[in-house]
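Peer 1: Let me begin by handing over the structure; questions about it come next.
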Amino acid sequence: MKLVRRYESRQIAERVEAVAGAIDRDLRERPLIVVSLLKGSAFFMADLARKLRGPFACEFMHVQRAEGAREVLQIDFASGFNVRDKHVLLLKDVVHSGIIEGYLIDHLRGDGAASLHLGAIVDKPLERTTGVTVDFSLFSAEESGLFAGYGMEHEGLHAHLPDIYEVVSGQ
(Lines give C-alpha, C1' and ligand atoms only; values in the text may rest on other atoms or scores of the structure.)
Protein backbone atom coordinates (compact mmCIF):
# COMPACT_ATOMS: atom_id res chain seq x y z
CA MET A 1 0.00 0.00 0.00
CA LYS A 2 1.23 3.46 -0.89
CA LEU A 3 -0.13 6.92 -0.05
CA VAL A 4 -0.14 9.44 -2.89
CA ARG A 5 -0.79 13.06 -1.91
CA ARG A 6 -3.86 14.41 -3.69
CA TYR A 7 -4.65 17.61 -1.79
CA GLU A 8 -2.28 19.65 0.38
CA SER A 9 -3.33 21.28 3.65
CA ARG A 10 -3.15 24.71 1.98
CA GLN A 11 -5.64 23.60 -0.69
CA ILE A 12 -7.89 22.11 1.98
CA ALA A 13 -7.85 25.36 3.98
CA GLU A 14 -8.70 27.39 0.87
CA ARG A 15 -11.61 25.09 0.02
CA VAL A 16 -12.93 25.11 3.60
CA GLU A 17 -12.96 28.93 3.45
CA ALA A 18 -14.83 28.86 0.13
CA VAL A 19 -17.33 26.23 1.29
CA ALA A 20 -17.97 28.14 4.54
CA GLY A 21 -18.73 31.23 2.46
CA ALA A 22 -21.15 29.27 0.29
CA ILE A 23 -22.87 27.80 3.36
CA ASP A 24 -23.17 31.25 4.95
CA ARG A 25 -24.67 32.57 1.71
CA ASP A 26 -26.96 29.63 0.89
CA LEU A 27 -28.07 28.57 4.36
CA ARG A 28 -28.88 31.90 5.92
CA GLU A 29 -31.98 30.34 7.35
CA ARG A 30 -31.57 29.45 10.96
CA PRO A 31 -31.57 27.55 13.25
CA LEU A 32 -28.86 25.42 11.63
CA ILE A 33 -27.47 22.15 12.98
CA VAL A 34 -24.20 20.91 11.50
CA VAL A 35 -23.96 17.13 11.96
CA SER A 36 -20.65 15.31 11.51
CA LEU A 37 -20.86 11.69 10.49
CA LEU A 38 -18.08 10.13 12.56
CA LYS A 39 -15.26 9.60 12.34
CA GLY A 40 -14.10 10.76 8.95
CA SER A 41 -15.67 14.23 8.82
CA ALA A 42 -14.69 15.42 12.31
CA PHE A 43 -11.67 17.45 11.13
CA PHE A 44 -13.81 18.98 8.37
CA MET A 45 -16.46 19.98 10.90
CA ALA A 46 -13.88 21.54 13.23
CA ASP A 47 -12.34 23.62 10.45
CA LEU A 48 -15.73 24.59 9.04
CA ALA A 49 -17.05 25.59 12.48
CA ARG A 50 -14.24 28.13 12.84
CA LYS A 51 -15.13 29.71 9.49
CA LEU A 52 -18.95 29.85 9.55
CA ARG A 53 -20.35 33.26 10.52
CA GLY A 54 -23.91 32.48 11.53
CA PRO A 55 -25.09 30.74 14.67
CA PHE A 56 -25.31 26.96 14.55
CA ALA A 57 -25.12 23.87 16.72
CA CYS A 58 -22.64 21.02 16.24
CA GLU A 59 -23.76 17.41 16.63
CA PHE A 60 -22.30 14.00 15.84
CA MET A 61 -23.66 10.73 14.46
CA HIS A 62 -22.07 7.34 13.92
CA VAL A 63 -23.42 4.73 11.54
CA GLN A 64 -22.72 1.07 12.18
CA ARG A 65 -22.98 -1.47 9.43
CA ALA A 66 -21.64 -4.95 8.82
CA GLU A 67 -18.29 -5.13 7.05
CA GLY A 68 -18.92 -4.77 3.32
CA ALA A 69 -22.68 -4.40 3.84
CA ARG A 70 -24.76 -1.64 2.32
CA GLU A 71 -27.50 -1.70 4.94
CA VAL A 72 -27.35 0.49 8.01
CA LEU A 73 -27.49 -1.60 11.19
CA GLN A 74 -27.58 1.16 13.77
CA ILE A 75 -27.38 4.93 14.05
CA ASP A 76 -25.73 6.29 17.19
CA PHE A 77 -26.26 9.89 18.20
CA ALA A 78 -23.57 11.46 20.39
CA SER A 79 -26.37 13.39 22.07
CA GLY A 80 -30.13 13.21 21.66
CA PHE A 81 -30.44 16.26 19.45
CA ASN A 82 -33.72 17.42 17.98
CA VAL A 83 -33.91 18.41 14.30
CA ARG A 84 -37.61 19.27 14.21
CA ASP A 85 -38.08 22.56 12.30
CA LYS A 86 -34.31 23.05 12.04
CA HIS A 87 -32.10 23.19 8.98
CA VAL A 88 -29.55 20.37 8.94
CA LEU A 89 -26.17 20.21 7.22
CA LEU A 90 -24.90 16.62 7.27
CA LEU A 91 -21.12 16.31 6.81
CA LYS A 92 -19.48 13.15 5.47
CA ASP A 93 -15.90 12.29 4.58
CA VAL A 94 -16.43 10.68 1.16
CA VAL A 95 -19.77 10.29 -0.60
CA HIS A 96 -19.65 7.20 -2.83
CA SER A 97 -22.94 5.49 -3.74
CA GLY A 98 -25.12 7.76 -1.61
CA ILE A 99 -26.90 4.81 0.02
CA ILE A 100 -25.96 5.64 3.62
CA GLU A 101 -26.43 9.35 3.07
CA GLY A 102 -29.87 8.75 1.55
CA TYR A 103 -30.85 6.62 4.51
CA LEU A 104 -29.71 9.30 6.97
CA ILE A 105 -31.44 12.06 5.04
CA ASP A 106 -34.69 10.08 5.04
CA HIS A 107 -34.28 9.40 8.78
CA LEU A 108 -33.68 13.09 9.60
CA ARG A 109 -36.50 14.18 7.30
CA GLY A 110 -38.78 11.78 9.17
CA ASP A 111 -37.70 13.47 12.41
CA GLY A 112 -39.07 16.76 11.06
CA ALA A 113 -36.00 18.62 9.78
CA ALA A 114 -36.98 21.83 7.98
CA SER A 115 -34.35 21.20 5.29
CA LEU A 116 -31.43 18.86 4.69
CA HIS A 117 -28.14 19.59 2.99
CA LEU A 118 -25.12 17.36 2.41
CA GLY A 119 -21.47 18.34 2.59
CA ALA A 120 -18.43 16.16 1.91
CA ILE A 121 -14.68 16.32 1.96
CA VAL A 122 -14.61 14.33 -1.29
CA ASP A 123 -17.61 13.83 -3.57
CA LYS A 124 -17.44 10.89 -6.00
CA PRO A 125 -20.48 11.53 -8.23
CA LEU A 126 -19.56 8.84 -10.78
CA GLU A 127 -19.99 6.18 -8.07
CA ARG A 128 -23.50 7.39 -7.14
CA THR A 129 -26.21 4.74 -7.37
CA THR A 130 -28.90 6.91 -5.76
CA GLY A 131 -30.41 10.33 -6.36
CA VAL A 132 -28.42 11.86 -3.48
CA THR A 133 -26.60 15.08 -4.35
CA VAL A 134 -23.78 16.75 -2.46
CA ASP A 135 -24.52 20.43 -1.87
CA PHE A 136 -21.09 21.45 -0.56
CA SER A 137 -17.83 19.59 -1.22
CA LEU A 138 -14.19 20.42 -0.77
CA PHE A 139 -13.15 18.25 -3.71
CA SER A 140 -14.68 16.07 -6.41
CA ALA A 141 -12.95 12.91 -7.60
CA GLU A 142 -13.81 10.97 -10.71
CA GLU A 143 -11.62 7.93 -10.09
CA SER A 144 -12.53 5.16 -7.71
CA GLY A 145 -10.27 4.55 -4.76
CA LEU A 146 -9.81 5.25 -1.10
CA PHE A 147 -8.59 8.33 0.72
CA ALA A 148 -6.73 8.86 3.99
CA GLY A 149 -5.61 11.88 6.02
CA TYR A 150 -7.46 14.97 7.23
CA GLY A 151 -9.45 12.81 9.64
CA MET A 152 -10.05 9.95 7.22
CA GLU A 153 -8.61 6.61 8.23
CA HIS A 154 -7.39 3.70 6.17
CA GLU A 155 -7.27 0.47 8.16
CA GLY A 156 -7.43 2.54 11.35
CA LEU A 157 -4.40 4.68 10.46
CA HIS A 158 -3.39 7.96 8.80
CA ALA A 159 -6.24 10.19 10.07
CA HIS A 160 -3.64 12.46 11.68
CA LEU A 161 -2.06 13.48 8.36
CA PRO A 162 -2.79 17.12 7.45
CA ASP A 163 -3.01 16.42 3.70
CA ILE A 164 -5.41 14.11 1.84
CA TYR A 165 -3.86 11.05 0.23
CA GLU A 166 -5.15 8.50 -2.21
CA VAL A 167 -4.52 4.96 -1.02
CA VAL A 168 -2.89 3.00 -3.85
CA SER A 169 -2.74 -0.79 -3.67
CA GLY A 170 0.38 -2.78 -4.51
CA GLN A 171 3.72 -1.17 -5.25
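The values are calculated or read from the model by the stated rules, or taken from the named source; none is laboratory data. Keep in mind the model is a prediction, meaning the values are calculated, not measured. Every residue, glycine among them, receives a Cβ derived from its backbone with ideal geometry; neighbour counts consider all protein chains shown. Surface accessibility is based on the protein's heavy atoms, side chains included, excluding ligands, DNA and RNA. Shrake-Rupley method; radii C 1.70, N 1.55, O 1.52, S 1.80 Å.
Peer 1: Using the basic label-point model (7 angstrom from Cα toward the beta carbon), what is the Glu153 to Arg10 distance in nanometres?
Peer 2: 3.1
Peer 1: Moving on. Rank these by accessible area, largest first, 1.4 Å probe: Leu89, Leu38.
Peer 2: Leu38, Leu89
Peer 1: Order the following by accessible area, largest value first: Asp111, Asp24. Probe radius 1.4 Å; ligands, DNA and RNA are ignored.
Peer 2: Descending accessible area places them as Asp111, Asp24.
Peer 1: Give the residues of the stretch 1-20 whose amide nitrogen is closer than 20 Å to a point set 7 Å from the Cα of Glu127 in the direction of its Cβ.
Peer 2: Under cut-off, by backbone N: 1-8, 12.
Peer 1: How much accessible area per residue does the chain have, counting only protein heavy atoms and a probe of 1.4 Å, in square angstrom?
Peer 2: I get 51 Å² per residue for this part.
Peer 1: With r as the distance between the Cβ atoms of Lys2 and Asp111 and R0 = 41 Å, compute the FRET efficiency 1/(1 + (r/R0)^6) and round to 0.05.
Peer 2: Once the sixth-power term is evaluated, E becomes 0.45.
Peer 1: Quick one: Kirkwood hydrodynamic radius for the stretch 1-54, alpha-carbon pairs, angstrom, one decimal?
Peer 2: Final number for the Kirkwood radius of the stretch 1-54 is 12.5 Å.
Peer 1: All other residues with a Cβ under 10 Å from the Cβ of Ala141 taken together, and with Lys, Arg as +1 and Asp, Glu as -1, what is their net charge?
Peer 2: That works out to -3.
Peer 1: Taking all protein chains in place and a 1.4 Å probe, what share, in percent, of the accessible surface of the chain do carbon and sulfur account for?
Peer 2: Carbon and sulfur atoms account for 49 percent of the accessible area of the chain.
Peer 1: Among Lys124, Lys2, Lys39, what's the order by accessible area (1.4 angstrom probe), most exposed first?
Peer 2: Reading off the accessible areas and sorting them downward yields Lys39, Lys2, Lys124.
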